[in-house]
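A quick write-up on the structure given underneath.
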Amino acid sequence: MKPKVAIARIYDQDTYAALEKAIRHLGDLASLIPAGSRIVVKPNYVMGPTQRGVTNSAVVEAVVRLAASTSPSRLVIGEGAADCYTPSVFRIHNVYDLASRYGAECVDLNQDEGVSIAVPEELGRNRVILPRTMAECDILISVPTFKLWMGKLPMTLSLKNLFGCFPARYYGHNAHSNELVKTEPYRTLEGEVGTEPGVHVPNPENNIAAINLARTSDIQVIDAVEGSDGKGNYVRMDTLIVGTNPVATDAVGLGLAGFVPEEQTQMQLCSRFGLGPSRLEDIEMVGESIESAGFRLQRIPENVRELPLDYCLDRLHFGEFDIVERGLRFYDFLSEDDRLGEDRERATAKILEICGREGYLSHALGTLPENARTVLGRIVSMGGTSNSYFAVLDDYVDEFRESNSFWSGLRALMRLGLAFVFNGQHKPYIILTEGVTETAVQLGIVHEIAEETVRVG
């Protein structure tokens, strides 16, 4: 029998009514969530302090309210934030207040005791350490937000949402937290450096399959109130996508955004391991149709090499401003006492003011380390978006096979507001800010220029 996935519109901002309608399409609530169940609601609070790019608060409340109505024996809102202290993220998003209203607990999955679960070794690891709260629950509800992901994966939906269930006390916050703590201690938290291979090792697709094989979600509620490309472009949709099979639910989400689900590696992997179908024809869609609810997220157009800095900054996650702030301070463009703060408009205005000063580009380019100059040369010679991030990376690695300096070189460019990574048509691209190529040529840093490309203002 085909798994059902419900698409429900939100009318008059009544998110709970839309959720109830979607659940009715799927079956009887009492059969989906039996009374006395131990329930974990897993939103996507990847980081703070932002109200966008995370699960909509109204959707989280609707799910918690619905779960509470089933008379659970335990109700938990669980999250393991990335690069952040989870309790702080809970406070930023008023999760403690929400939990108190519905008799729920808040659990930091990063610090939860671990339970080892065996997974197929062909995924690059032989076990996954799950938070005990998640491993022992009866019903796991994944509540991701609807956004593109800046990597090989097209979107972060319910399957990838379980990345927050790799506890940082075992895996660290990053791919190599136990190494990063030595060189970039600000990217780790004490006691959360990890000893297990990071969640991006060997690659995200394998680990998405691994975590879902260890403990997949029982119900998925995709928050499609807004669609986001992860870089500041938002489309209002007022839609929920609800299912009981994570692969099928994500396939419908991908279909809504105009992707072909079965072409995506993580969908192929999860299907191959029996987690569910990735082909839309193998899924029964109820409620709204894909045709009526579908949309296209805005992405950077093809064949663009340079974009104005203000255009680029408008598409950053607020947390990415930290990268620029640290770079400007390190190179003495920003004083130790001058902080960008948490106001996006102020931070943008300050960066634009600094980077707009006479001679800034020459000075910034002149400070670049050698690996950053090499990466810049590759970007320019390949025409920016005329090739993807991965094409530039592969080209660099081909010549500097013994070097691991591509990312550090790119990061140096990003820290000075000279380059950014955005999503193009289904894949990420490296974009230079306006004037970088011309100035780099004048300084002799870059000698080879690709054919003229389209510029977007």
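Values quoted throughout were computed directly from the atomic coordinates according to the rules given, and no laboratory measurement underlies them. All of these numbers come straight from a predicted model, not from anything done at the bench. Note that each Cβ is placed from the backbone with ideal geometry, even for glycine, and that neighbours are counted across all protein chains shown.
Along the Cα→Cβ direction, 7 angstrom out, place labels at T367 and S100. What is the inter-label distance in nm?
For the pair T367/S100, the computed spacing is 4.5 nm.
If r is the Cβ-Cβ distance from S73 to V260 and R0 is 56 Å, what FRET efficiency results, to the nearest 0.05?
The formula returns an efficiency of 0.85 here.
Rank the residues Y171, Y331 as a footprinting-exposure proxy: fewest other Cβ atoms within 10 Å of their Cβ go first.
The most exposed by this proxy come first: Y331, Y171.
Give the shape of segment 306-442 as rounded, prolate or oblate, defined through the alpha-carbon gyration tensor: a ≥ b ≥ c are the square roots of its eigenvalues, a/c under 1.5 means rounded, and otherwise the shape is prolate if a/b is larger than b/c and oblate if not.
Prolate, because a/c is 1.5 or more and a/b exceeds b/c.
Cut-off is 10 Å between beta-carbons; in what order do V5, V441, V436 appear when sorted fewest neighbours first?
V441, V436, V5
Given 0.36 nm per residue, what is the gain on full extension from S381 to S335 after removing their alpha carbon distance, in nm?
13.1 nm
For K147, which sequence-distant residues (separation of 5 or more, or a different chain) have an amide H within less than 5 Å of its own amide H, given hydrogens modelled in the peptide plane?
Here the answer is T156, S228, since their amide H atoms fall under 5 Å of that of K147.
Residue-wise, which Karplus ³J(HN,Hα) couplings in Hz belong to segment 54-59, taking 6.51 cos²θ - 1.76 cosθ + 1.60, θ = phi - 60°, and x for glycine or proline?
10, 4, 4, 4, 5, 5
For N126 and E358, what does the FRET efficiency come to when R0 = 60 Å and r is the distance between their Cβ atoms, rounded to the nearest 0.05?
After rounding to 0.05, the efficiency reads 0.55.
How much length is gained if the chain between D322 and E281 is pulled fully straight, taking 0.36 nm per residue apart and subtracting their Cα-Cα distance, in nm to one decimal?
Full extension from D322 to E281 adds 10.4 nm.
For D138 and D310 in one chain, what is 0.36 nm times their gap in residues minus the Cα-Cα distance, to one decimal in nm?
This chain segment gains 57.1 nm when fully extended.
Short version: ³J(HN,Hα) in whole Hz for each residue of segment 271-286, in order, from phi by Karplus 6.51 cos²θ - 1.76 cosθ + 1.60 (θ = phi - 60°), x for Gly and Pro, what are they?
Values, residue by residue: 5, 4, 8, x, 7, x, x, 9, 8, 4, 5, 9, 10, 8, 9, 10 Hz.
Would you mind computing, in nm to one decimal, how far apart the modelled labels at R38 and Y11 are, each placed 7 Å from Cα along Cα→Cβ?
So the two model labels end up 4.0 nm from each other.
If we sort 126-137, 210-221 on the protection proxy, mean other Cβ atoms within 10 Å, highest first, what's the order?
Put in order of decreasing packing, that is 210-221, 126-137.
Within segment 316-359, list the GluC sites (Glu not before Pro) lying in a DSSP loop whose Cβ has at most 11 other Cβ atoms in a 10 Å radius.
Answer in residue order: E336, E358.
I'd like the chymotrypsin sites (Phe, Trp or Tyr not before Pro) in segment 1-99 restricted to DSSP loop residues with at most 14 other Cβ atoms within 10 Å, sorted by number.
Here the sparse-neighbourhood loop sites are Y11.
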